[in-house]
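No lab work stands behind these numbers, since they all come straight from the coordinates. Every value quoted in this text rests on a predicted model; they were computed, and no experiment measured them. Please note: Cβ atoms are built from the backbone with ideal geometry, for glycine as well, and neighbour counts cover all protein chains shown.
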Amino acid sequence: MSEHQKHQSVGYSFFSLVIRYRWFALVISLMVVGGLGSQLGALKKNTQADAFIDENEPALIYRDAVEQIFNLKDPLVIAVQNRGPTGIYNEHSLKLVRWLSDQLQAVPNIDPQGITSLATESNIQGDTLGMEVREFLDGPLDRTHIAWIERSIKNFPLYQGSLVAEDGSMTLIIAELLNQDQAEATYQLVRQLVESAPTGRSQVYLAGEGVVSAYLSEYVDRDAKRLNPMAGLIITLVLVVAFFSLRAALIPNLIVAGTVAGTLGAMVLAGAEFYVITNGLIVCMIGIAVADSIHIFSEYYEVMAGDPALSQTEAIATAMAGIWRPVTLTTLTTAAGFLALYATNDMPPLKFFGLFGAFAVILAGLLTLFVTPSLLSLFRARPSPRFRRHESSLPSRGLASGLGSLSLRYPKTILLTAAVVASVAGLGALKLVINEERIENFQPHEPIYLADKTINAAMDGTYYLDVVIETPAPEGIYDPSVLQAISELQVFLEAQPGIHGTTSIADYIKQMNKAVNEDDPAFYRVPDDKNLVAQLFLLYTASGDPTDFEERVDSQRQRALIRANLKEGSYLISRSLIPRLERYLASEFKGDVAARISGRVNVDYHWVSGIAETHARSVIVSFLAVLLMAALLFRSVTAGLMAAIPVGLSILVIYAVMGVKGIWLGVGTSMFAAIAIGLSVDFAIHTLDRLREAMSKPGHLSPGQRIATVFSSTGRALWFNLLAVALGFGVLMTSQVPPLMNFGMLVALSVSVAFVASLLLLPAITLVSQPAFMVGKPGSFMKTGLILLALMGAAVLTSKAFALEKAPTAREIIQLMNSRPEGVSVQRDMLITLTDQGGNIREEQTRAFRRYFDDIKKTVIFYTQPATVAGTAFLTWDYANPAREDDQWLYLPALRKVRRISASDRGDYFLGTDFTYEEIKKESKIAAEDYHFALLGEEHVDGHHTWLVEASPVGPEVSRALGYGRVLMRVDSSLWIPRLTEYWDVAGHFLKTVHARRIEMIDGIWSTTDIEAINRKTGHKTRIQFRDTDYGVDVPPRLFEQNALKRGY
């Protein structure tokens, strides 16, 4: 008995059993689908911009923190435009601004204190008392007042381009939302308000991030109501045309319904949300769920046409026995393609798309194999009219036979042509561009799109890039040098391509300085006196709202925000802009004043920059997955490679199309390849399976004659499979969301190319090379598995070697860390902040000295505050020789005694902190002799590349002495300082983290100036800030003797 006959015999027996217990199979299936489908009502939509960003992304976390500090929110933006000769400087337009501003305060979910417009903002000008703060729209809007408003705006650079267009044609009303989750309802209310506004000759536009999310939510609803029924209708028509049978149209639709309901219900149970791209997943499910049914019904009607005497049960069992294997293979390979998308992506919508796409494929496969024969057995046997006609009269068979004839007649020419096509496609793929713009999710004719383009054409821009300046102490922003650095940063930003304006607290300071100097333009600058800056703030509050500055500077005047405006949120701009800005900040902001990038543009930059990497990973993983699955299931590496050829060619062609047509590789399009690979391999699997069956049958037919028999039946099924999938995805081309349109087009084109390539290339390869597995000689399953395992292992090792080719060893990293320059001596002050689980804070101050004496490092720490620990001192002598035990002493003034600390106590916590004696002594270094080290990989911490090094104590005694059973260090790859370290106790429980919050260059030496330890068990925190560090001081040797501990410094 041949391999194929064995499979058929087992399959016939199994499906005869399924048909016998059909009601059991149907009830179980109904219970599963019904149980999952009952959750559909709880499915939630998420159209927020941040939905595509991993919640652990550092840029997102910091942006959220900045929004909390400066009370920033994603706003609604209303633009009032007047193209008349006076622009918006006319009574009607300004009254409209006032009316809209007043009405917005009553709209639910609009923050009344978060409305910014000419009706809420004030002018700063000089008067007899020194400075006057006057609201722009305060009072009657007569000609004199309007002329004053226009003159004041032109003399106040802060508002030019940000609040009022420089040509005076437009002004903005910015309204912040209290709850972003209610954006859709708020948008509807504001839209109704705008539609009822007395606009007159002015035009009103509604835009902003708050509007985008709400508008996108409408898009999702409209798409879902139109696309899904359309996809179902088209696929039903395909089934009707293919089989001319009601049952062949009804049963697959029931499989589709069960797959969609079950998958969406599973999403609810898993806590997944309905994203913009989830509409594409539903269309995927419809196409995928019906594809296998086409092959089953084709086989079923072929069996009936071949042997009309068979009973219904026999016909079904025979058909299922012949088709179950390729159906199972394609289910597994398609699921592998989707799972690759899940495994290689950080973006939640794409991860869930991959995960639940795979779930849908498996569910559809199971329903197809069990529900389809069970339901079909309830009908009487009735042949399909389409299978009674002569094969050559059917267009679908004619197409397949035509492709097959070409392949058999000119096999070498076909293969050469494919190589040329692949080469040309490779050149076209080089033009592929990575980019993403959220506004491009809308059609160009949509009001939101037109509003965005109109507003950004007139104003400085509604896309924000923020820089936060942090000073070490309250009122640090008052420092003229800091304000001047802010002003210089603004000059730098405004010189960058894509940036059209900036605002900061320095703009207010300059305006106020000019106002108190009789509005002399020469005084539009930062004052030289810090006290004057503070008094200007005080003077402003005498007539203005003290909260006016809350989006520019925090209440402690310790942090300030600089906002840059861009007209486009394009990655093509930010990919060069942000690295340049990072280099500028690293160069210009050193020492105590730190600068860090934030804002929507920065967040988008960080997650879009990862699209290329995640896309490449998903393509490679899905490609290898389908190759592996095909090779294992056919028990032949050659089969796996043959299955991959049409798939690879189709993907390469699509890249070329994207490059030539200018279709970006973005969020929507980045997921096409992994899905297309999983779908395209179906054609190769079915073709290979039937080719092998034909080539291995006994008889005297030539290889060409054997191959020709494949196209009459399998070719037809593949054709209707293509129609179902391609037309199903083609429905997405009618979507209102452009990325989904491109996604649908790319997948439909990809599977079409794979269909043609499978029917042309695979027979040609079979004819030319006649591989062993095709002629009934499958390889050993074990042997094939071992070969593939070896190949995959080599690929993994090669990729890791490539990724880590420049990586030092773990031991080298530790050596570099421990040999990091420290200076011969140093003096510094330390502020130690202790915070308990309840949030209670205690501060301690110390003065620390350290000096090297040949190969001995001596450190002494004197406590100065609070009074309860003042006079306490800690002295350590750290010997370079690891065989020699270090010396440590602690002076306790209450006892007036110097206490020697044994090296075995080095794992004890130092005077109530969360740092051990060992960590205080080592200062971000580690005793290499205490640990075994292993390099686990690389990570980014606070935007910096680090090596992930695992340290394991050399033995249980060392582990107990240190208090740790495992340590994970993330060592900065350029500074060789640990930025983040995690500790586990001797029992293996997660114990604490130590985070180097700030690292600075001081006197040419990289130094940790802010470090925090958090005990994850108790919630206790210790933060140490180093101040007034001086590496040039000559510390006297007497300070490092035991008797000096009592005397002090």
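Observations
- Positive dipole terminus of the range 10-103, leading residue within I69, W99, V33 (C-beta point charges): V33
- Computed FRET value (nearest 0.05) for M1001 with T413, which takes r as the C-beta separation and R₀ as 60 Å: 0.35
- Positive-end ranking of A419, T47, G988 along the dipole of the chain, with charges on Cβ about the Cα centre, is headed by A419.
- Taken about its Cα centre, the chain carries a charge dipole of roughly 4880 debye when the Cβ of each Lys and Arg holds +1 and the Cβ of each Asp and Glu holds -1.
- With a cut-off of 19 Å on the backbone N, the residues of the range 312-344 near the modelled label site 7 Å out from S13 along Cα-Cβ are 314-325.
- Each peptide in 60-69, 622-631 gets a packing score, the mean of other Cβ atoms within 10 Å over its residues, and the list from highest to lowest is 622-631, 60-69.
- Computed from Cα atoms, the angle from the helix 738-769 axis to the main principal axis of the chain rounds to 50 degrees.
- At an R0 of 60 angstrom, the distance between the Cβ atoms of R960 and L26 translates into a FRET efficiency of 0.45.
- Rounded tilt (10° steps) of 209-243 against the dominant C-alpha axis of the chain: 10
- In terms of packing, defined here as the mean over residues of other Cβ atoms within 10 angstrom, the peptides 696-703, 349-356 line up highest first as 349-356, 696-703.
- With Cα atoms, 0 to 90° folded angle of helix 395-409 axis to the chain main axis: 90
- E929 paired with L831, simple spin-label distance in nm, labels 7 Å along Cα-to-beta-carbon: 3.9
- The chain, relative contact order in percent, only Cα pairs under 8 angstrom and at least six apart counted: 12
- Inter-label distance, E843 to T144: 5.3 nm, where each label sits 7 Å from its Cα along the C-beta direction.
- 32 Å Cα-Cα threshold exceeded, pairs from K73/K922; K95/K510; K45/K453: K73/K922
- Hydrodynamic radius of the range 636-736 by the Kirkwood approach over all distinct alpha-carbon pairs: 15.8 Å.
- Fully extended contour minus Cα-Cα distance, from Q443 to D111, at 0.36 nm per residue: 116.5 nm
- Inter-label distance, nm, simple model (7 Å from Cα along the C-beta direction), V433/L233: 3.6
- Dipole of the chain, positive direction: furthest Cα of N90, A270, F492, with charges on the beta-carbon: A270
- Amide H contacts of D1010 (H built 1.01 Å from N, under 5 Å, at least 5 apart or other chain): R997, R998, F1026
- Dipole magnitude for the range 160-249: computed about the Cα centre from +1 point charges on Lys and Arg Cβ and -1 point charges on Asp and Glu Cβ, it is near 620 debye.
- Within the chain, helix-based [θ] at 222 nm, where runs of 4 or more DSSP H residues each add -39,500 (n - 2.57), nearest 500: -17000 deg cm²/dmol
- Note on S38 and V491: the extension gain reaches 157.2 nm, defined as 0.36 nm multiplied by sequence separation minus the Cα-Cα distance.
- Reported label for calculated Rg and Dmax of the Cα atoms in Å given [x] 33.3, 105; [y] 35.7, 112; [z] 36.7, 123: [y]
- The range 810-1047: relative contact order as a whole-number percent, Cα under 8 Å and 6+ apart: 21
- Length released on extending from W99 to Y879, taking residue separation times 0.36 nm less the Cα-Cα span: 273.2 nm
- Cα centre as origin, Lys/Arg/Asp/Glu Cβ charges: the range 810-1047 dipole, Debye: 780
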